[in-house]
Amino acid sequence: MSHLPAPESPDFETIAVVGVGLIGGSIALAAKSHGAARIVLGVGRNPGRLEEAQRRGIIDEGTVDLPAAAARADLLVFCSPVDVIAAGVREAARACRPGTLITDAGSVKACLCGDLAQGLLPQVEFVGAHPLAGSEKQGFEHAEARLFEKRICVVTPCGTNSRGAVERISGFWKKLGSRIIEMSPAAHDRALAETSHLPHLVAAALAATLSADNRPLAASGFRDTTRVASGDAELWTAIFLENREQLLASLSRYDALLDRFRQALEQNDTSALKELLKAAKMSRDAIL
């Protein structure tokens with residue numbers, strides 16, 4: 001008689017996902033399907049949306065009461081806008097049991113991690129994280145259990161974090177299929193200003209230049225280049241302002257390169273224009 005192996009115990013009995021949208025919904029689905037949690041609580045502001053997420057099987061329970069969810073959770077994952085995460089973490093931490101871990105999925109880290117490095121109860125730790133996954137789509141209707149597989153998740157500990165907490169948070173994201181890169185919060189923000197925030201700003205500016213008359217002619221090149229401009233304006237306003245200094249620095253470097261293109265065109269300089277385009281192609285091809 002053959003015996004099936006005993007199911008592996010989940011890393012966390014109960015997790016609470018705060019903000020059940022595309023990312024939060026995908027975390028909820030991935031945590032259950034990958035065995036990272038047994039019970040997933042969804043926390044939000046709209047009871048009707050939470051009920052629909054539960055009906056679809058994305059979360060096990062939904063609530064608008066953050067402290068109540070925090071009191072039950074072994075891990076909280078904040079997927080709310082970056083400018084409200086710190087206040088939410090502080091509110092939740094006051095209700096957490098000793099040993100509870102808190103992480104997030106926000107795109108800006110220095111201000112957040114600096115704010116939360118002190119002031120939490122000593123038995124509750126926040127370890128910042130940012131999974132490099134998602135799309136311009138919004139809402140849990142687009143959530144995917146495999147969204148984080150083979151994607152990088154940046155974990156951004158601060159000096160007050162215990163090594164055990166950092167390893168458990170890293171293990172959670174690994175369980176969801178991610179590859180972990182550990183960076184300081186400041187290094188993360190410098191990098192993301194260049195790789196995510198500046199591209200979104202440029203895509204938004206480019207999309208805004210398109211005249212209504214020429215919209216029928218905007219084919220795949222324009223659509224691919226401006227895809228992320230369809231992202232939520234409120235969410236991205238918060239990201240831009242939270243990472244303002246690093247984004248401005250990246251924007252200055254971009255402006256300088258645009259000036260080189262402009263100068264080459266003004267001077268009808270074929271050689272300079274070709275070299276600029278070749279350098280851009282080499283950089284883009286190196287990503288692949």
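The values are calculated or read from the model by the stated rules, or taken from the named source; none is laboratory data. This is a predicted model, so every value here is computed, not measured. Note: ideal-geometry Cβ built from the backbone for every residue, glycine included; neighbour counts use all protein chains shown.
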Given the range 170-234, what helices (runs of 4 or more DSSP H) lie entirely inside it while holding 1 or more residues that are among the basic types (K, R) and in contact with a Pro (Cβ under 9 Å, 6 or more places away or on another chain)? none
Being closer than 23 Å to S135 by Cβ and not aromatic (F, W, Y), is that true of even one residue in the range 249-272? yes
State all residues of the range 114-135 that are small (G, A, S) and either free of Cβ contacts under 8 Å to residues at least 12 places away in the same chain or in contact with a Phe, Trp or Tyr (Cβ under 8 Å, 6 or more places away or on another chain) (or both); if no residue qualifies, say none. A129, A133
So which of P7, P47 ends up being farther than 22 Å from Q123 by Cβ and modelled with pLDDT under 95? P7
Looking at (1) on the phi < 0 side of the Ramachandran plot; (2) surrounded by fewer than 23 Cβ atoms within 10 Å (Cβ to Cβ); (3) in a loop (DSSP other than H, G, I, E, B), which is the only condition F148 fails? (2)
Those residues of the range 258-281 which are within 21 Å of V202 (Cβ to Cβ) and touching a helix residue (DSSP H, G or I) at 6+ places or on another chain (Cβ under 8 Å), in sequence order: R260, F261, Q263, A264, L265, L273, L276
With the condition kept exactly as written, say whether any residue in the range 89-108 is assigned to a loop (DSSP other than H, G, I, E, B), acidic (D, E) and within 30 Å of R55 (Cβ to Cβ). no
